[in-house]
Amino acid sequence: MINNVKAWLEDGKIDIFLGYKETDHHPLPHCFTKERIEEVDDLVLSPARYSLEKIATHMAAVEPDIKIGMLTRDCNDRALNVLYLWNQLNPDNVSTLPVNCCPSKLKEHGDCSYLEPERMGAFKKQVGLDNNMGLEDLDSYGQKERLERWMYEFQKCIKCYGCRNICPVCFCKECSLEHDELVKTGPLLPEVPIFHMVRAVHMAGRCIDCGLCEAACPMDIPLRLLYGRVNQIVMDLFGYETGSSTANNPFSILGDTVTLEPKPIEPAQTVNP
Amino acid sequence: MTVKRITFLQELLSILGLEGRLGLSWISSAEAQKFVQVVTDFTEKIRSLGPNPLSTFSDTRKAAAAELMRMDFKGDGYDQQRQSMA
(Lines give C-alpha, C1' and ligand atoms only; values in the text may rest on other atoms or scores of the structure.)
Protein backbone atom coordinates (compact mmCIF):
# COMPACT_ATOMS: atom_id res chain seq x y z
CA MET A 1 0.00 0.00 0.00
CA ILE A 2 2.78 2.40 0.95
CA ASN A 3 4.61 1.64 -2.32
CA ASN A 4 1.40 2.21 -4.20
CA VAL A 5 0.91 5.65 -2.69
CA LYS A 6 4.56 6.57 -3.30
CA ALA A 7 4.31 5.52 -6.94
CA TRP A 8 1.12 7.52 -7.44
CA LEU A 9 2.67 10.64 -5.93
CA GLU A 10 5.86 10.30 -7.98
CA ASP A 11 4.02 9.65 -11.26
CA GLY A 12 1.93 12.73 -10.72
CA LYS A 13 -1.22 10.63 -10.83
CA ILE A 14 -2.19 12.42 -7.65
CA ASP A 15 -1.01 15.70 -6.11
CA ILE A 16 -1.90 14.83 -2.54
CA PHE A 17 -2.90 11.73 -0.66
CA LEU A 18 -5.31 11.73 2.26
CA GLY A 19 -4.71 9.04 4.86
CA TYR A 20 -3.87 8.52 8.50
CA LYS A 21 -0.48 9.14 10.04
CA GLU A 22 0.46 7.90 13.46
CA THR A 23 1.24 10.91 15.64
CA ASP A 24 2.05 10.19 19.29
CA HIS A 25 0.40 6.78 18.87
CA HIS A 26 -2.82 8.31 17.55
CA PRO A 27 -3.79 7.74 13.94
CA LEU A 28 -4.68 11.25 12.74
CA PRO A 29 -5.85 12.36 9.30
CA HIS A 30 -2.86 13.55 7.31
CA CYS A 31 -2.22 14.97 3.88
CA PHE A 32 0.79 13.33 2.18
CA THR A 33 2.57 15.17 -0.63
CA LYS A 34 5.37 14.54 -3.10
CA GLU A 35 7.59 17.14 -1.46
CA ARG A 36 7.58 15.24 1.81
CA ILE A 37 7.33 11.76 0.41
CA GLU A 38 9.30 10.20 3.28
CA GLU A 39 6.23 10.72 5.48
CA VAL A 40 4.35 8.08 3.50
CA ASP A 41 6.30 5.45 5.46
CA ASP A 42 4.23 6.46 8.49
CA LEU A 43 0.92 5.86 6.72
CA VAL A 44 -1.17 3.58 8.94
CA LEU A 45 -4.42 1.69 8.82
CA SER A 46 -6.50 1.50 11.95
CA PRO A 47 -10.07 1.02 13.11
CA ALA A 48 -10.26 4.81 13.62
CA ARG A 49 -11.93 6.72 10.86
CA TYR A 50 -12.64 10.23 9.74
CA SER A 51 -14.52 11.84 6.88
CA LEU A 52 -11.49 12.25 4.60
CA GLU A 53 -13.77 13.06 1.67
CA LYS A 54 -14.87 16.17 3.55
CA ILE A 55 -11.26 17.40 3.52
CA ALA A 56 -11.14 16.55 -0.18
CA THR A 57 -14.30 18.58 -0.81
CA HIS A 58 -12.86 21.61 0.98
CA MET A 59 -9.66 21.31 -1.07
CA ALA A 60 -11.51 20.93 -4.36
CA ALA A 61 -13.59 24.01 -3.53
CA VAL A 62 -10.40 26.09 -3.41
CA GLU A 63 -8.44 24.30 -6.12
CA PRO A 64 -10.84 22.56 -8.52
CA ASP A 65 -8.17 20.80 -10.56
CA ILE A 66 -6.23 19.24 -7.72
CA LYS A 67 -5.83 15.47 -8.05
CA ILE A 68 -6.64 13.78 -4.80
CA GLY A 69 -5.91 10.25 -3.66
CA MET A 70 -7.43 8.85 -0.52
CA LEU A 71 -7.91 5.78 1.60
CA THR A 72 -11.50 4.66 1.28
CA ARG A 73 -13.54 2.55 3.60
CA ASP A 74 -16.96 1.41 2.44
CA CYS A 75 -18.58 4.45 4.04
CA ASN A 76 -16.04 6.82 2.42
CA ASP A 77 -16.87 5.21 -0.90
CA ARG A 78 -20.60 5.81 -0.48
CA ALA A 79 -19.95 9.40 0.56
CA LEU A 80 -17.82 9.93 -2.55
CA ASN A 81 -20.70 8.70 -4.71
CA VAL A 82 -23.01 11.24 -3.11
CA LEU A 83 -20.44 14.03 -3.53
CA TYR A 84 -19.93 13.15 -7.22
CA LEU A 85 -23.67 13.21 -7.70
CA TRP A 86 -24.01 16.66 -6.16
CA ASN A 87 -21.05 17.97 -8.17
CA GLN A 88 -18.83 18.60 -5.18
CA LEU A 89 -16.00 16.44 -6.47
CA ASN A 90 -14.97 15.39 -9.94
CA PRO A 91 -14.59 11.58 -10.15
CA ASP A 92 -11.79 12.03 -12.72
CA ASN A 93 -9.69 13.83 -10.13
CA VAL A 94 -10.13 11.34 -7.31
CA SER A 95 -8.20 8.09 -6.96
CA THR A 96 -9.20 5.72 -4.21
CA LEU A 97 -7.29 3.08 -2.32
CA PRO A 98 -9.87 0.74 -0.79
CA VAL A 99 -9.18 -0.76 2.62
CA ASN A 100 -10.80 -3.57 4.53
CA CYS A 101 -13.87 -2.28 6.26
CA CYS A 102 -17.39 -3.44 7.06
CA PRO A 103 -17.78 -7.21 7.47
CA SER A 104 -19.86 -8.84 4.74
CA LYS A 105 -20.68 -12.25 3.34
CA LEU A 106 -17.36 -12.32 1.51
CA LYS A 107 -15.19 -11.21 4.42
CA GLU A 108 -16.07 -11.85 8.02
CA HIS A 109 -13.38 -9.67 9.48
CA GLY A 110 -13.98 -5.94 9.55
CA ASP A 111 -11.88 -2.98 10.70
CA CYS A 112 -13.99 -0.17 12.00
CA SER A 113 -14.34 1.76 15.23
CA TYR A 114 -18.10 1.33 15.01
CA LEU A 115 -18.26 -2.46 15.17
CA GLU A 116 -18.75 -2.46 18.92
CA PRO A 117 -21.26 0.30 19.62
CA GLU A 118 -21.53 1.74 23.09
CA ARG A 119 -24.06 0.19 25.41
CA MET A 120 -26.89 2.42 26.54
CA GLY A 121 -27.90 2.87 30.16
CA ALA A 122 -31.19 1.74 31.66
CA PHE A 123 -32.63 5.24 32.11
CA LYS A 124 -32.05 6.18 28.49
CA LYS A 125 -33.69 2.95 27.39
CA GLN A 126 -36.67 3.68 29.60
CA VAL A 127 -37.44 7.25 28.62
CA GLY A 128 -35.45 7.77 25.43
CA LEU A 129 -34.26 5.65 22.57
CA ASP A 130 -31.58 3.00 22.54
CA ASN A 131 -29.05 4.13 19.92
CA ASN A 132 -28.53 0.54 18.81
CA MET A 133 -32.19 -0.40 18.39
CA GLY A 134 -33.45 -1.63 15.05
CA LEU A 135 -35.64 0.49 12.82
CA GLU A 136 -38.53 -1.97 13.30
CA ASP A 137 -38.40 -1.61 17.10
CA LEU A 138 -38.67 2.12 16.64
CA ASP A 139 -41.99 1.77 14.85
CA SER A 140 -43.39 -0.46 17.59
CA TYR A 141 -43.89 2.55 19.89
CA GLY A 142 -47.24 4.34 19.70
CA GLN A 143 -47.50 7.82 18.25
CA LYS A 144 -47.50 9.68 21.54
CA GLU A 145 -44.75 7.61 23.10
CA ARG A 146 -42.61 8.08 20.01
CA LEU A 147 -42.90 11.85 20.22
CA GLU A 148 -42.02 11.81 23.91
CA ARG A 149 -39.01 9.59 23.39
CA TRP A 150 -37.67 11.61 20.47
CA MET A 151 -38.22 14.85 22.34
CA TYR A 152 -36.34 13.47 25.35
CA GLU A 153 -33.40 12.83 23.03
CA PHE A 154 -33.63 16.14 21.15
CA GLN A 155 -33.96 18.24 24.31
CA LYS A 156 -30.48 17.17 25.34
CA CYS A 157 -29.01 18.93 22.31
CA ILE A 158 -26.46 21.61 23.19
CA LYS A 159 -26.23 22.85 19.61
CA CYS A 160 -22.53 22.16 19.23
CA TYR A 161 -22.94 21.57 15.47
CA GLY A 162 -20.71 18.51 15.82
CA CYS A 163 -23.06 16.34 13.76
CA ARG A 164 -23.05 18.83 10.92
CA ASN A 165 -19.34 19.53 11.03
CA ILE A 166 -18.27 15.90 10.84
CA CYS A 167 -20.88 14.94 8.24
CA PRO A 168 -19.10 13.95 5.00
CA VAL A 169 -22.09 14.83 2.82
CA CYS A 170 -22.84 18.27 4.36
CA PHE A 171 -21.28 20.77 1.98
CA CYS A 172 -23.51 23.86 1.68
CA LYS A 173 -21.73 27.20 1.94
CA GLU A 174 -24.68 28.77 3.69
CA CYS A 175 -26.24 26.57 6.31
CA SER A 176 -29.86 26.98 7.34
CA LEU A 177 -28.77 26.08 10.85
CA GLU A 178 -26.73 29.29 11.00
CA HIS A 179 -29.28 31.57 9.43
CA ASP A 180 -30.62 34.56 11.33
CA GLU A 181 -34.18 33.95 10.17
CA LEU A 182 -34.17 30.16 10.46
CA VAL A 183 -32.05 28.74 13.23
CA LYS A 184 -29.87 31.37 14.85
CA THR A 185 -26.44 30.58 16.15
CA GLY A 186 -25.81 31.46 19.75
CA PRO A 187 -28.97 31.43 21.84
CA LEU A 188 -29.49 28.36 23.96
CA LEU A 189 -31.52 26.28 24.37
CA PRO A 190 -31.72 25.27 20.73
CA GLU A 191 -35.12 25.12 19.10
CA VAL A 192 -36.18 21.51 19.04
CA PRO A 193 -37.25 19.54 17.16
CA ILE A 194 -36.67 22.07 14.34
CA PHE A 195 -32.89 21.83 14.54
CA HIS A 196 -32.92 18.06 14.13
CA MET A 197 -35.72 18.04 11.60
CA VAL A 198 -33.80 20.42 9.35
CA ARG A 199 -30.89 18.03 9.47
CA ALA A 200 -33.15 15.04 8.94
CA VAL A 201 -34.69 16.61 5.83
CA HIS A 202 -31.26 17.39 4.43
CA MET A 203 -30.07 13.86 5.11
CA ALA A 204 -32.88 12.30 3.06
CA GLY A 205 -31.30 10.60 0.09
CA ARG A 206 -27.90 11.82 1.24
CA CYS A 207 -27.00 10.13 4.52
CA ILE A 208 -24.61 7.27 3.84
CA ASP A 209 -24.99 5.74 7.29
CA CYS A 210 -21.38 6.16 8.41
CA GLY A 211 -22.44 6.90 11.99
CA LEU A 212 -19.84 9.64 12.49
CA CYS A 213 -22.53 12.12 13.61
CA GLU A 214 -23.58 9.85 16.41
CA ALA A 215 -19.97 9.20 17.39
CA ALA A 216 -19.36 12.96 17.47
CA CYS A 217 -22.49 13.81 19.47
CA PRO A 218 -21.57 14.68 23.07
CA MET A 219 -25.16 14.12 24.21
CA ASP A 220 -25.66 10.64 22.73
CA ILE A 221 -28.61 11.58 20.56
CA PRO A 222 -29.47 8.60 18.31
CA LEU A 223 -28.79 10.50 15.09
CA ARG A 224 -27.82 7.47 13.05
CA LEU A 225 -31.17 5.93 13.92
CA LEU A 226 -33.03 9.08 12.86
CA TYR A 227 -31.25 9.42 9.51
CA GLY A 228 -31.46 5.67 8.95
CA ARG A 229 -35.22 5.87 9.37
CA VAL A 230 -35.35 8.91 7.08
CA ASN A 231 -33.48 7.00 4.39
CA GLN A 232 -35.85 4.09 4.83
CA ILE A 233 -38.67 6.47 3.84
CA VAL A 234 -36.70 7.48 0.75
CA MET A 235 -36.25 3.79 -0.07
CA ASP A 236 -39.97 3.03 0.42
CA LEU A 237 -41.23 6.06 -1.50
CA PHE A 238 -38.72 6.36 -4.31
CA GLY A 239 -36.82 3.07 -4.28
CA TYR A 240 -33.56 4.99 -4.02
CA GLU A 241 -30.59 3.52 -2.19
CA THR A 242 -28.32 6.31 -1.06
CA GLY A 243 -24.64 6.10 -1.90
CA SER A 244 -24.76 2.83 -3.81
CA SER A 245 -24.42 4.57 -7.16
CA THR A 246 -24.26 7.99 -8.76
CA ALA A 247 -27.76 7.56 -10.19
CA ASN A 248 -29.97 10.61 -10.03
CA ASN A 249 -31.29 11.53 -6.61
CA PRO A 250 -35.08 11.73 -6.11
CA PHE A 251 -34.68 15.17 -4.53
CA SER A 252 -32.67 16.57 -7.39
CA ILE A 253 -34.66 19.24 -9.21
CA LEU A 254 -33.73 17.85 -12.61
CA GLY A 255 -35.02 14.41 -13.41
CA ASP A 256 -37.90 12.14 -14.22
CA THR A 257 -41.57 12.89 -14.28
CA VAL A 258 -43.14 12.40 -10.88
CA THR A 259 -45.78 9.72 -10.62
CA LEU A 260 -46.54 10.20 -6.92
CA GLU A 261 -50.03 11.38 -6.01
CA PRO A 262 -50.70 13.66 -3.05
CA LYS A 263 -52.13 11.77 -0.12
CA PRO A 264 -55.85 12.33 0.35
CA ILE A 265 -56.79 14.19 3.50
CA GLU A 266 -58.33 11.32 5.36
CA PRO A 267 -61.27 11.97 7.66
CA ALA A 268 -60.43 12.43 11.31
CA GLN A 269 -59.64 9.26 13.20
CA THR A 270 -59.54 8.62 16.89
CA VAL A 271 -56.03 9.24 18.16
CA ASN A 272 -54.21 6.59 20.19
CA PRO A 273 -54.17 7.55 23.84
CA MET B 1 -41.05 18.16 -6.69
CA THR B 2 -43.61 19.54 -4.24
CA VAL B 3 -45.45 16.25 -4.01
CA LYS B 4 -42.17 14.42 -3.41
CA ARG B 5 -41.12 16.76 -0.65
CA ILE B 6 -44.49 16.92 1.06
CA THR B 7 -45.00 13.15 0.93
CA PHE B 8 -41.57 12.75 2.45
CA LEU B 9 -42.29 15.36 5.12
CA GLN B 10 -45.55 13.65 6.05
CA GLU B 11 -43.62 10.46 6.64
CA LEU B 12 -40.95 12.30 8.63
CA LEU B 13 -43.56 13.87 10.88
CA SER B 14 -45.14 10.50 11.49
CA ILE B 15 -41.78 9.11 12.63
CA LEU B 16 -41.77 11.74 15.34
CA GLY B 17 -45.40 10.99 16.19
CA LEU B 18 -47.08 14.01 14.59
CA GLU B 19 -49.06 12.07 12.06
CA GLY B 20 -51.75 13.66 9.90
CA ARG B 21 -50.96 17.31 10.59
CA LEU B 22 -49.79 18.12 7.10
CA GLY B 23 -51.86 17.98 3.93
CA LEU B 24 -51.35 18.83 0.27
CA SER B 25 -53.95 19.58 -2.34
CA TRP B 26 -53.99 21.28 -5.72
CA ILE B 27 -56.79 23.82 -6.05
CA SER B 28 -57.23 26.21 -8.92
CA SER B 29 -58.45 29.75 -8.38
CA ALA B 30 -61.65 28.71 -10.19
CA GLU B 31 -62.42 25.92 -7.74
CA ALA B 32 -63.91 27.83 -4.83
CA GLN B 33 -66.09 24.91 -3.78
CA LYS B 34 -63.18 22.54 -3.65
CA PHE B 35 -61.17 25.04 -1.64
CA VAL B 36 -63.92 25.37 0.95
CA GLN B 37 -64.30 21.59 1.12
CA VAL B 38 -60.59 20.94 1.61
CA VAL B 39 -60.14 23.65 4.21
CA THR B 40 -63.23 22.58 6.16
CA ASP B 41 -62.17 18.93 6.14
CA PHE B 42 -58.67 19.74 7.22
CA THR B 43 -59.78 22.10 9.98
CA GLU B 44 -62.08 19.43 11.34
CA LYS B 45 -59.32 16.90 11.21
CA ILE B 46 -56.83 19.11 13.02
CA ARG B 47 -59.42 19.98 15.65
CA SER B 48 -60.10 16.31 16.31
CA LEU B 49 -56.36 15.65 16.66
CA GLY B 50 -56.24 18.21 19.46
CA PRO B 51 -53.67 20.88 20.27
CA ASN B 52 -50.13 20.51 19.00
CA PRO B 53 -48.34 18.22 21.46
CA LEU B 54 -45.10 20.10 20.84
CA SER B 55 -46.43 23.14 22.70
CA THR B 56 -46.17 21.33 26.05
CA PHE B 57 -42.49 20.75 25.38
CA SER B 58 -41.84 24.29 24.23
CA ASP B 59 -43.43 25.77 27.38
CA THR B 60 -41.08 23.93 29.69
CA ARG B 61 -38.15 24.83 27.46
CA LYS B 62 -39.05 28.50 27.40
CA ALA B 63 -39.10 28.46 31.20
CA ALA B 64 -35.70 26.76 31.23
CA ALA B 65 -34.30 29.26 28.73
CA ALA B 66 -35.57 32.17 30.84
CA GLU B 67 -33.95 30.60 33.90
CA LEU B 68 -30.69 30.37 31.96
CA MET B 69 -30.87 34.07 31.10
CA ARG B 70 -31.51 35.00 34.75
CA MET B 71 -28.53 33.06 36.03
CA ASP B 72 -25.57 35.15 37.04
CA PHE B 73 -22.56 34.39 34.90
CA LYS B 74 -20.83 37.71 35.50
CA GLY B 75 -17.08 37.50 35.42
CA ASP B 76 -16.93 34.16 33.65
CA GLY B 77 -15.19 35.75 30.68
CA TYR B 78 -18.05 35.27 28.24
CA ASP B 79 -20.09 38.36 29.21
CA GLN B 80 -19.28 40.41 26.14
CA GLN B 81 -19.86 37.53 23.79
CA ARG B 82 -23.25 36.74 25.25
CA GLN B 83 -24.37 40.34 25.05
CA SER B 84 -23.41 40.61 21.42
CA MET B 85 -25.39 37.45 20.67
CA ALA B 86 -28.52 38.51 22.55
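At a 1.4 Å probe radius, carbon and sulfur cover how many percent of the accessible area of the protein assembly as shown?
After summing per-atom areas, the C and S share lands at 53 percent.
Equivalent ellipsoid semi-axes for segment A:55-105, as square roots of 5 times the alpha carbon gyration tensor eigenvalues: give them largest first, rounded to whole Å.
22, 11, 8
Which residue, chosen from A:ASN131, A:VAL5, A:VAL94, occupies the Cα position most advanced towards the positive end of the dipole of segment A:1-160, where the dipole is computed from +1 (Lys, Arg) and -1 (Asp, Glu) charges on Cβ about the Cα centre?
The Cα lying farthest towards the positive end belongs to A:ASN131.
Rg (Å, one decimal) plus Dmax (Å, integer) for the alpha carbons of segment A:122-273?
16.8, 48
When the dipole is taken about the Cα centre of chain A, and only Lys, Arg (+1) and Asp, Glu (-1) are charged at their Cβ, what size is it in debye, to the nearest 20?
For this selection, approximately 480 debye.
Cα convex hull of segment A:1-138: mean projected area in nm², to one decimal?
Computed as one quarter of the Cα hull surface, the answer is 11.5 nm².
Checking the cross-link filter: which lysines have an alpha carbon closer than 19 Å to that of B:LYS4, excluding same-chain neighbours under 8 positions apart?
Cα-Cα hits under 19 Å: A:LYS263.
Rounded, prolate or oblate, given the Cα gyration tensor of segment A:155-222, with a/c below 1.5 counting as rounded?
oblate
Once you sort the root eigenvalues of the Cα gyration tensor of the protein assembly as shown as a ≥ b ≥ c, which label holds: rounded (a/c under 1.5), prolate (a/b larger than b/c) or oblate (the other case)?
Taking the square roots of the gyration eigenvalues as a ≥ b ≥ c, the protein assembly as shown is prolate.
As an exercise, use a Förster radius of 41 Å and the Cβ-Cβ distance of A:ASP236 and B:GLU67 to find the FRET efficiency, rounded to the nearest 0.05.
Plugging the Cβ-Cβ distance into 1/(1 + (r/R0)^6) gives 0.45.
Mean-square fluctuation check for chain A, GNM, Cα pairs under 10 Å: which of A:CYS207, A:CYS75, A:CYS102 is largest?
Of the options given, A:CYS102 has the highest mean-square fluctuation.
Could you state the per residue volume, in Å³, of the convex hull enclosing the Cα atoms of segment A:211-264?
Convex hull volume per residue, Cα atoms: 122 Å³.
Please give every one of the lysines within straight-line cross-link reach of A:LYS144, meaning a C-alpha to C-alpha distance under 21 Å, and leave out same-chain neighbours fewer than 8 residues apart.
A:LYS124, A:LYS125, A:LYS156, B:LYS45
Which one, A:TYR227, A:LEU147, B:THR2, projects farthest toward the positive side of the charge dipole computed for the protein assembly as shown from Cβ point charges (K/R +1, D/E -1)?
Result: A:LEU147, furthest along the dipole toward the positive end.
Quick one: grab the alpha carbon gyration tensor of segment A:5-62, order the square roots of its eigenvalues as a ≥ b ≥ c, and give me rounded if a/c is under 1.5, else prolate or oblate depending on whether a/b is larger than b/c.
It is oblate, given that a/c is not under 1.5 and a/b is not larger than b/c.
Cross-link partners among aspartates and glutamates for A:LYS6, C-alpha distance below 14 Å, same-chain residues fewer than 8 apart left out?
A:ASP15, A:GLU35, A:GLU38, A:GLU39, A:ASP41, A:ASP42
The values are calculated or read from the model by the stated rules, or taken from the named source; none is laboratory data. None of the values given here were measured: they were computed from a predicted structure. Methodologically, a virtual Cβ is constructed for each residue, glycine included, from the backbone with ideal geometry; neighbour enumeration extends over all protein chains shown. Ligands, DNA and RNA are excluded from the accessible area calculation, which covers all protein heavy atoms including side chains. Shrake-Rupley method; radii C 1.70, N 1.55, O 1.52, S 1.80 Å.
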